[in-house]
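Provided herewith is a single structure, encoded as structure tokens, for subsequent inquiry.
The values are calculated or read from the model by the stated rules, or taken from the named source; none is laboratory data. Everything numeric in this text was worked out from a predicted model, so none of it was measured. Here the Cβ positions follow ideal geometry from the backbone for every residue, glycine too, while neighbour counts run over all protein chains shown.
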Amino acid sequence: MKISVLGTGLIGSQVIHLLTAAGHEATGHSRSTGLDLITGEGIEDAVRDADAVVNVTNSPTFDDASVDFFRTTVTNLLAAMEAVGAPHLVTLSIVGVDQVPDLVYYRAKTLQEELVKAGPVPYSIVRATQFMEFVGPTMDWTTDGDVVRLPSAPIQPISSADVAAQVADAAVGASLGGTRNIAGPDVFALDELGRLALEATGDRRHVVTDDTAGLFAAVKGDELLAPKGAHLSSVHYRDWLRSH
Ligand SMILES: NC(=O)c1ccc[n+]([C@@H]2O[C@H](COP(=O)([O-])OP(=O)(O)OC[C@H]3O[C@@H](n4cnc5c(N)ncnc54)[C@H](OP(=O)(O)O)[C@@H]3O)[C@@H](O)[C@H]2O)c1
């Protein structure tokens, strides 16, 4: 199959690798290759003749500007796909994203989903829980000196490799016209995850539990955990830490 992967970052690069290894013709596109989903530059060329288009781009910021990013990029992408008759759009989103309205980035991703669902192109949405790779940056945002403030929000982290495998699988399948949820096998409090990560990497910072700190302070319950019927991957966070 011919698959166009928009976004060549953490997930996109792995999706391209997996699809290519499986014998598909997967091409990556991002601003460095002349695609700009904000201005519209290069979109029709990127999606023309593709059997499936995978959207794993991301907003450069998680603030109010992310709302405009997802509104504009999805609107432009859907218009281009409709214009060239591209038959299937796979979008990577986040488990429970519509359940955390106090987090503006999650409102932006919810808008992305709503536009895709209301749009003219057959679609599949893959919702993943937080990437294991995301724990480090999450700690950096709330680090002050050697103290990392983290809330105790429950998180069910998944490795980006498992996410990429599920996204690649969705790309070669028929359009779901719906959502597939994927998650890691274990639930942790985020502050506990941070402590495990710091210990495993010999990082001298220490975690102070603060339920008002950072993006995940907006999470009040189990909104971000795998819903019933979700696909659970087999990579455990402690094993992932050992291998990274
Ligand atoms: N982090 C998590 O825990 C988590 C959980 C579930 C779902 N997700 C979702 O997973 C998706 C992919 O995340 P990721 O970590 O792989 O992202 P990433 O590594 O930050 O990569 C984002 C990609 O988007 C491209 N991009 C940004 N602006 C663009 C534009 N205007 N036009 C074209 N391409 C553009 C970037 O390339 P250039 O800058 O070169 O253009 C880059 O290749 C995101 O949508 C995110 O919401 C994340």
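Any residue in segment 148-172 that is within 23 Å of residue 100 (Cβ to Cβ) sitting within a Cβ distance under 6 Å of a residue that is among the aromatic types (Phe, Trp, Tyr)? List the pairs, counting only those 6 or more apart or interchain.
Sorted first by the residue in segment 148-172, then by its partner, the pairs are 151/216; 153/216; 155/188; 157/237; 159/240; 160/131.
Considering only residues that are of a type in the set (A, V, I, L, M) and surrounded by fewer than 17 Cβ atoms within 10 Å (Cβ to Cβ), look in segment 188-217 and name the one that is nearest to residue 144 (Cα to Cα).
Looking at residues that are of a type in the set (A, V, I, L, M) and surrounded by fewer than 17 Cβ atoms within 10 Å (Cβ to Cβ), I get 208.
Please work out which residue is farthest from residue 182 (Cα to Cα), limiting yourself to segment 80-115 and to residues that are away from the ligand (no atom under 12 Å from the Cβ) and in contact with a Ser or Thr (Cβ under 6 Å, 6 or more places away or on another chain).
Going through the qualifying residues, I end up with 88.
Residue 152: closer than 20 Å to residue 241 by Cβ, within 13 Å of the ligand (Cβ to nearest atom) and polar (S, T, N, Q), yes or no?
Spelling it out, it is not the case that residue 152 is closer than 20 Å to residue 241 by Cβ, within 13 Å of the ligand (Cβ to nearest atom) and polar (S, T, N, Q).
Let me ask something else. Kindly list the number of the only condition in (1) surrounded by fewer than 23 Cβ atoms within 10 Å (Cβ to Cβ); (2) in contact with a helix residue (DSSP H, G or I) (Cβ under 6 Å, 6 or more places away or on another chain) that fails for residue 167.
Going through the list (1) surrounded by fewer than 23 Cβ atoms within 10 Å (Cβ to Cβ); (2) in contact with a helix residue (DSSP H, G or I) (Cβ under 6 Å, 6 or more places away or on another chain), residue 167 breaks only (1).
Being in contact with a strand residue (DSSP E or B) (Cβ under 9 Å, 6 or more places away or on another chain), closer than 18 Å to residue 131 by Cα and assigned to a loop (DSSP other than H, G, I, E, B) is the filter here; which residues of segment 143-197 pass it?
151, 152, 153, 156, 157, 159, 184, 185, 187 - these are the residues of segment 143-197 that are in contact with a strand residue (DSSP E or B) (Cβ under 9 Å, 6 or more places away or on another chain), closer than 18 Å to residue 131 by Cα and assigned to a loop (DSSP other than H, G, I, E, B).
Could I ask something else about it? Would you check which residues across segment 3-49 are more than 8 Å from the ligand (Cβ to nearest atom), of a type in the set (A, V, I, L, M, F, W, C), buried (at least 19 other Cβ atoms within 10 Å of the Cβ) and not in a helix (DSSP H, G or I) and list them?
3, 5, 26
When you check residue 148 against the structure, is it β-branched (Val, Ile, Thr), crowded, with 16+ Cβ neighbours inside 10 Å and at pLDDT 95 or above, yes or no?
So residue 148 passes the test.
In segment 94-105, is there at least one residue being closer than 24 Å to residue 173 by Cα, of a type in the set (Gly, Ala, Ser) and not in a loop (DSSP other than H, G, I, E, B)?
no
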